[in-house]
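Heads up, the thing below is written out as structure tokens.
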Amino acid sequence: MSVPRPFVAPALALVAGIALGLHGVRLPRGVAAAGLLLGASPPLAPAAFAVTGWWATERSLAAAKERRLRGDVSPPLARPPLEPAGAALAGRIASVPDPLGDRVRFRLRSAAGGAVEVLAPRAPWPLGLGDEVLLRATLRQPPGARNPGGRDVRARLAASGIAHQALATTPAVRMRPARAPSWLERGRERLAEAARALPAREAGVVRAIGAGDRGGLDPETSASFARSGLAHVLAVSGMHLVLVAFGLERFLRALLLRVDALASRADPRRVAAAVAVPATLVYAVATGAGPPVLRAAVAAAVVLAGTALDREPDAANTLALAALVLLAADPGGALDVSLQLSFAAVGGLVAWAGPIRRALPLARPPPRSWRARILEPLVAGACASGAASLAAAPVLAFHFRQLPTLGLLANVAAVPIGSALTIAATLAAVAAAAAPALGAALLVAARPLASALLAVSDAAAAPRLATIGVGTPGLAGVAGFYVAAVLATRARRGLRRLAWAAAAACLVAPAHLRATAASARGGLEILFISVGQGDAALLRLPDGSAVLVDAGGAPDGGADPGARDVVPLLRDLGVRRLAAAFLSHAHPDHVLGLAAVAEAFPIDVVFSNGAPGEGEAARVLAPLSPIALAPGDGWARAGVRFDALGGVRDGLGENDASLVLRVSYGDTALLFTGDVEAPGEAAAVARGGLDADVVKVPHHGSRTSSSEAFTRAVHPGLAIVSVGRDNRFGFPHAEAVTRWQSAGATVLRTDEGAIRLLSDGRQVRRVPASATLDPLAILRERP
């Protein structure tokens, strides 16, 4: 007898409607009205959910666009002005504040309904969900996708109706007494204080697992858990909530059974479940209320409520109900990566764990035998982990361009440790909220568990093949994978292998198709990559090989542009190795990103200006053994020449000694100038041969570069400024931009997104950067 699942079809329809809205599909009013009317018939109700999802998403996007154009973020305030100057914002905190170092991020909703995302300094007493606050902030539009396939914060927030981000200049000021959730935030802070007694890495793990506070995690630890496939253990998610919620329910049930007076009056099982429901919601808020936690909280509440009402809910139906609740509250949540991973993993577990176990050539042991008690839980756990990993693979490939190879083995070892650590860290968090000293005492038990979990993660992340790099499969590849995987679980043995092969092809083939299309199209493709305040450009030669000129870098800390921007883009384009890499000079914002690139791809040869660099830059360059190119030296491949220009570098500063590289293909030429300033430009002008169709503007467009003599000598049609958004230097300076425009150039900037050019040897033309991920669009670019 099949189990009725009334929520599954509406949930899938709602997701489909939201997807249509996010992609700008316009539904005629007649079609939308018909879809809503069909909802009156229960069998056709999913049509109404699809229309509702589309309508809600379109409305959010339209509202965000209107506010962005109008600059409207909050109604006028009739309150005393705050200092320093900035836009005055007032409203109610609409999300659980997310601590980020010395700042905190949250959504602020005004009385009129408008919302902004706020990044503010921490307040003396922590802010909480529902607090009414007043602040002054600098408003800006959220950043869009810097590069093809990159993270698009603007689209994510717009889908939730948010058009602006607010960078607060001072901590938010409460307009009313603190609400109860702020006490939960204070508890998170007290756990962080108590965890200072632990080693730094163990403290970061305990804070993350015990309170959802990732502020103590260093980049090394985060990268280790990502490579090992254990990121879900480190982030508070469904696993942690289930342990806490159902652990509390079992504890209360056992306690009530020991009290005869209570057990005789009420069913301890139902009473314990009823008490655990509100405790589950409190735990979700106390640990940050991330999408995976909220998904698990809804599901756990349904299961516990079913226990209290003596009903047993279906797993698939419960998961669908959680999707309906979360997406109805915020359709833009569909773009949240953690939500996608959470639903994919749990959906895979529900749908495929059983079939995978039945497919194993290992009979189930007799009940109550030692194999049933010891071996079967391990086998079932491995099947569940495998099903969840399989279902999450397309999401990981789409967003992170890598798949963990040792994740299954790592999870078998790490999940029991992580489960024990969840209980220990949660108890320590509760104790620390009452008294930090008491929390520190309980953390003594958590330390060896945290150390063991770190050891498992580091061991699984250490091998070079711990992860497989893949290009994004695109939405079509993700959809194709799930269709093929569902068919594989239902097909006969003969077709099953074919379906699984098709599913694997949907993940790995798209990047290869892009590379094949680029080779078939021919020509020289140039992609100026947006790497923040730094330089990086990729050249795809007529034979399909790839060359990198600089690789970006983050000298002041923060995310590494090489790992964040360059490596994912190379994987998306199907690049398997680099024929060459040219480094203009050994400054961190040009060099540091090459470390991640060299780790991900073999590089046949590296050229530089000969400077060894200092500090971290020197450590990156040393193992690469770059070949110094003097003025007059060159290198060629597939009809493209790379010639070093400029004058003698002796006596010049580091910037002025940059490698000036002229790339010529047929009758077209590009000039890469590194960070040369006036003295280096003068030396290059004296040597001559600088004319080019395209120039990478020297030194990010500083006023000390781009001299009049240099701009006249180059006389390009396009001048590309590689620059970071809102950079502290104010680059590009207006004087430099004006000089290039006076020389006849159109000035383009990478802080507005990657810039893609195509040369057929006769002319250079700009082509859409987004088309580089579409094989058919690439083929249509043939001259």
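Take the conditions (1) modelled with pLDDT of 85 or more; (2) surrounded by fewer than 18 Cβ atoms within 10 Å (Cβ to Cβ); GLU249 misses just one of them, which is (2).
Here's a check for you: in the stretch 64-79, which residue that is of a type in the set (Gly, Ala, Ser) and open to solvent by 30 Å² or more (accessible area, probe 1.4 Å) is modelled with the highest pLDDT?
GLY71
For VAL567, the requirement of being β-branched (Val, Ile, Thr), buried (at least 22 other Cβ atoms within 10 Å of the Cβ) and out of contact with any helix residue (DSSP H, G or I) (no Cβ under 8 Å at 6 or more places or on another chain) is not met.
Answer yes or no as to whether PRO97 is touching a Lys or Arg at 6+ places or on another chain (Cβ under 8 Å), touching a residue at least 24 places away in the same chain (Cβ under 8 Å), buried (at least 18 other Cβ atoms within 10 Å of the Cβ) and within 22 Å of LEU217 (Cβ to Cβ). Let's see the steps before the verdict.
Values: touching a Lys or Arg at 6+ places or on another chain (Cβ under 8 Å): yes; touching a residue at least 24 places away in the same chain (Cβ under 8 Å): yes; buried (at least 18 other Cβ atoms within 10 Å of the Cβ): yes; within 22 Å of LEU217 (Cβ to Cβ): yes.
Yes, satisfied.
Taking the stretch 714-739 as the range and being outside any loop (DSSP other than H, G, I, E, B) and closer than 24 Å to ARG662 by Cβ as the test, the residues that pass are VAL714, LEU718, ALA719, ILE720, VAL721, ALA736, VAL737, ARG739. May I ask you to verify whether ARG725 is loosely packed, with under 13 Cβ neighbours inside 10 Å, over 20 Å from LEU670 (Cα atoms) and out of contact with any Lys or Arg (no Cβ under 8 Å at 6 or more places or on another chain)? Here the answer is no, as ARG725 does not meet what is asked. Inside the stretch 229-244, residues that are at pLDDT below 85 and of a type in the set (Gly, Ala, Ser) make up a count of 3. Within the stretch 281-301, residues that are charged (D, E, K, R) reach partners that are open to solvent by less than 20 Å² (accessible area, probe 1.4 Å) and assigned to a helix (DSSP H, G or I) with beta carbons closer than 6 Å, at six or more positions or on different chains, in the pairs ARG295/ALA322; ARG295/SER342. Within the group VAL271, VAL259, which residue is modelled with pLDDT under 80 and more than 18 Å from ALA425 (Cα to Cα)? Testing whether each residue is modelled with pLDDT under 80 and more than 18 Å from ALA425 (Cα to Cα) leaves just VAL259.
Across the stretch 750-783, the qualifying residues are those that are in contact with a Gly (Cβ under 8 Å, 6 or more places away or on another chain) and in a strand (DSSP E or B), and the one among them that is surrounded by the most Cβ atoms within 10 Å (Cβ to Cβ) is SER759. Would a scan of the stretch 457-467 turn up a residue that is surrounded by fewer than 19 Cβ atoms within 10 Å (Cβ to Cβ), modelled with pLDDT under 90 and over 31 Å from the mean Cα position of the chain (by Cα)? No, the stretch 457-467 contains no residue that is surrounded by fewer than 19 Cβ atoms within 10 Å (Cβ to Cβ), modelled with pLDDT under 90 and over 31 Å from the mean Cα position of the chain (by Cα).
Against the definition (surrounded by fewer than 23 Cβ atoms within 10 Å (Cβ to Cβ), on the phi > 0 side of the Ramachandran plot and touching a His at 6+ places or on another chain (Cβ under 9 Å)), how does GLY744 come out, yes or no? Step through it out loud before you land on a result.
Values: surrounded by fewer than 23 Cβ atoms within 10 Å (Cβ to Cβ): yes; on the phi > 0 side of the Ramachandran plot: yes; touching a His at 6+ places or on another chain (Cβ under 9 Å): yes.
Answer is yes for this residue.
Each residue in the stretch 609-637 was checked for being at pLDDT 95 or above, surrounded by 15 or more Cβ atoms within 10 Å (Cβ to Cβ) and of a type in the set (Gly, Ala, Ser), and 0 of them qualify. The residues listed here are ALA266, ALA226, ALA284; of these, the one that is open to solvent by less than 20 Å² (accessible area, probe 1.4 Å) and either at pLDDT 85 or above or part of a loop (DSSP other than H, G, I, E, B) (or both) is ALA284. A single entry from ALA178, ALA111, ALA145, ALA120 fulfils the requirement of being within 30 Å of THR472 (Cα to Cα) and either in a strand (DSSP E or B) or among the hydrophobic types (A, V, I, L, M, F, W, C) (or both): ALA145.
Selection over the stretch 6-32 of residues that are at pLDDT 80 or above and surrounded by 12 or more Cβ atoms within 10 Å (Cβ to Cβ) gives a count of 18.
Listed here are the residues, each with its yes/no results for (1) touching a strand residue (DSSP E or B) at 6+ places or on another chain (Cβ under 7 Å); (2) closer than 17 Å to ILE209 by Cα; (3) at pLDDT below 90.
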| position | (1), (2), (3) |
| --- | --- |
| ALA384 | no, no, yes |
| ALA393 | yes, no, no |
| PHE400 | no, no, no |
| THR422 | no, yes, no |
| LEU438 | no, no, yes |
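Restricting attention to the stretch 198-228, the residues that are under 23 Å from ALA289 (Cβ atoms) and among the basic types (Lys, Arg) add up to 2. Beta carbons closer than 9 Å, at least 6 apart along the sequence or on distinct chains, pair a first residue in the stretch 15-27 that is under 10 Å from TRP55 (Cβ atoms) and among the small types (Gly, Ala, Ser) with a second that is open to solvent by less than 40 Å² (accessible area, probe 1.4 Å) and not in a helix (DSSP H, G or I) for GLY21/ALA159. Scan the stretch 675-719 for residues that are modelled with pLDDT of 95 or more, more than 21 Å from SER530 (Cβ to Cβ) and touching a Phe, Trp or Tyr at 6+ places or on another chain (Cβ under 6 Å) and the total you get is 1. Please name all residue pairs, on different chains or six or more residues apart, with Cβ atoms under 8 Å, provided the first residue is in the stretch 349-360 and is closer than 17 Å to ALA484 by Cα and the second residue is loosely packed, with under 15 Cβ neighbours inside 10 Å. Cβ pairs passing all conditions: ALA351/VAL486. Considering (1) open to solvent by 40 Å² or more (accessible area, probe 1.4 Å); (2) not in a loop (DSSP other than H, G, I, E, B), the lone condition that VAL597 does not fulfil carries the number (1). Residues of the stretch 414-435 that are among the small types (Gly, Ala, Ser) and surrounded by fewer than 19 Cβ atoms within 10 Å (Cβ to Cβ): SER419, ALA420, ALA434, ALA435.
For the stretch 362-391, taking the residues that are in a helix (DSSP H, G or I) and polar (S, T, N, Q), the one that is nearest to GLN402 (Cα to Cα) is identified as SER389.
Would you check if PRO473 is open to solvent by 20 Å² or more (accessible area, probe 1.4 Å) and under 30 Å from ALA223 (Cα atoms)? The answer is no for PRO473. Within the stretch 663-683, identify whether any single residue is out of contact with any Gly (no Cβ under 6 Å at 6 or more places or on another chain), open to solvent by 40 Å² or more (accessible area, probe 1.4 Å) and free of Cβ contacts under 8 Å to residues at least 24 places away in the same chain, and answer yes or no. No, that holds for no residue.
The values are calculated or read from the model by the stated rules, or taken from the named source; none is laboratory data. Every value quoted in this text rests on a predicted model; they were computed, and no experiment measured them. Glycine also receives a Cβ, built like all others from the backbone with ideal geometry; neighbour counts cover every protein chain displayed. Accessible surface is based on the protein model in full, side chains and every heavy atom, while ligands, DNA and RNA are left aside. Shrake-Rupley method; radii C 1.70, N 1.55, O 1.52, S 1.80 Å.
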